[in-house]
Amino acid sequence: MQGIKEFFKKNKKRTALLVILLLLLAFLFSVIGVINFFLGKINRETDVEAQDEYFETDIYNEDLEEISPEDVEWDNQQLYDDSDLVNILVVGQDGRESNGRQRTDTMILLSFNPETNKASMISFLRDLYVQIPAHSDNRLNSAYVFGGFTLMKRTFKENFGINIDGCFRIDFNGFEDVIDILGGVDIKLTAAEAKIIGDGAHEGISHLDGDHALMYARIRKLDSDFGRTERQRNIVNAVFKKVKNCSVRELLDLVDTVLPYLSTDMSNIQIASIAMKYAPKLATLEVSTHHVPADGTYKDAMIRGMAVLVPDLYEVKKDLFEEFLPF
């Protein structure tokens, strides 16, 4: 016993360093434990069962040019590099989680540039006619139902030259709860939008709770899919602005509520790494919004019985890498 005391007396500096190291390790393991506790609430979607392809046909529209699939020309040149960006694809299904994997009603690419502190939010229209790897050409919204996140990533890479770092799917119950936890959002409505929403909504700035925000985001017949995706971006932007002003307690409540509604193919370490990189910059992050395809980069057509948007991939990629993505 005396020998041990003498050892520590002679090695005070080593003992202090050892204690500090042990305290740091204890703190690190505590942080890892908290992160795993929260992120463990997210549903994991990695290996999924592939489904047979099919075509979601529409009522024939004689005003649209009918094109044979063999006559569509694809530009598959990879002329751009997005390795400086973090690209996260967020999708939403047109249905409830209990209905299983379905076509994606919403596809929004969140792209971040760590060097410039800029971000882009880009909606991809579901009726885009694209190449689906190992499948027939089809609507973009079919990739998820045929092969989950893996096929979504391959589809975005092959058509748009974008490398997706990770995917998230959120069901509509989670969407409503996020809005309600934030106390609702303020959205500028047109008279026609306000009429559809009802319940006191009016032209101009209206305060919407989760249920009415979801109703606004899902309006279909008022104009076009372009208008619908713009409404979705308006909601996401409104949520982002409110989150920037949340207290730590409010953020924890929000995270705790929304995570069980999410599904992802990312690991806890990947998510935590991105969160720690961007959380301190959230208040000053510059966000721009866009949609693909942009005007003049597609044509309407009937293919395989579907009313689709046939993109000019050369022009689409030019827009993405020269204007939309946050370089």
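The values are calculated or read from the model by the stated rules, or taken from the named source; none is laboratory data. For clarity, every value in this text was computed on a predicted model and none was experimentally measured. Cβ placement follows ideal geometry from the backbone for every residue including glycine, while neighbour counts extend to all protein chains displayed. For accessibility, only protein heavy atoms count, side chains too; no ligands or nucleic acids. Shrake-Rupley method; radii C 1.70, N 1.55, O 1.52, S 1.80 Å.
Given a Förster radius of 56 Å and the C-beta distance between Trp74 and Ala283 as r, what FRET efficiency does 1/(1 + (r/R0)^6) yield to the nearest 0.05?
Efficiency at R0 = 56 Å is approximately 0.85.
Here r is the Cβ-Cβ distance between Glu323 and Asp256 and R0 is 35 Å; the resulting FRET efficiency, rounded to 0.05, is 0.40.
Going down the table (Lys188/Lys242; Lys41/Lys153; Lys188/Lys318; Lys188/Lys299; Lys242/Lys281), which pairs top 25 Å between alpha carbons? Listed pairs above 25 Å: Lys188/Lys318; Lys188/Lys299. Multiplying the residue separation of His135 and Glu66 by 0.36 nm and subtracting their alpha-carbon distance yields 22.7 nm.
Other residues whose C-beta falls under 10 angstrom from the C-beta of Thr116 contribute a net charge of -2, scoring Lys and Arg +1 and Asp and Glu -1.
Calculate what fraction, in whole %, of the accessible area of region 83-170 sits on carbon and sulfur atoms when a 1.4 Å probe is rolled over the protein chains.
The computed percentage sits at 44.
Remark: accessible surface ordering of Tyr216, Tyr314 (largest first) is Tyr314, Tyr216, probe radius 1.4 Å. Packing here is the average count of other Cβ atoms within 10 Å per residue, and on that basis the peptides 116-127, 58-69, 297-308, 197-208, highest first, run 116-127, 297-308, 197-208, 58-69. Structural descriptor for region 128-171: relative contact order 30 percent, calculated from alpha carbon pairs under 8 angstrom and at least 6 residues apart.
Between Ala294 and any residue 5 or more places off or on another chain, the built amide H atoms are never under 5 Å apart. Normalising the average separation of contacting C-alpha pairs (under 8 angstrom, six or more residues apart) by the number of residues puts the relative contact order of the chain at 26 percent.
Shape class for region 131-276: oblate, because the ratio a/c of the largest to smallest gyration tensor axis (alpha-carbon atoms, square roots of eigenvalues) is 1.5 or more and b/c is at least a/b. Using θ = phi - 60° in the Karplus curve 6.51 cos²θ - 1.76 cosθ + 1.60, the 3J(HN,Hα) couplings for region 174-182 round to x, 4, 5, 5, 4, 4, 5, 4, 7 Hz; x is entered for Gly and Pro. Take the chain, connect every pair of alpha-carbon atoms lying under 10 Å apart with a spring to form a Gaussian network, then pick out the residue of Glu158, Glu286, Glu115 with the largest mean-square fluctuation. In the Gaussian network model the winner is Glu115.
Residues in the chain average 53 Å² of solvent-accessible surface per residue, probe 1.4 Å, ligands and nucleic acids excluded.
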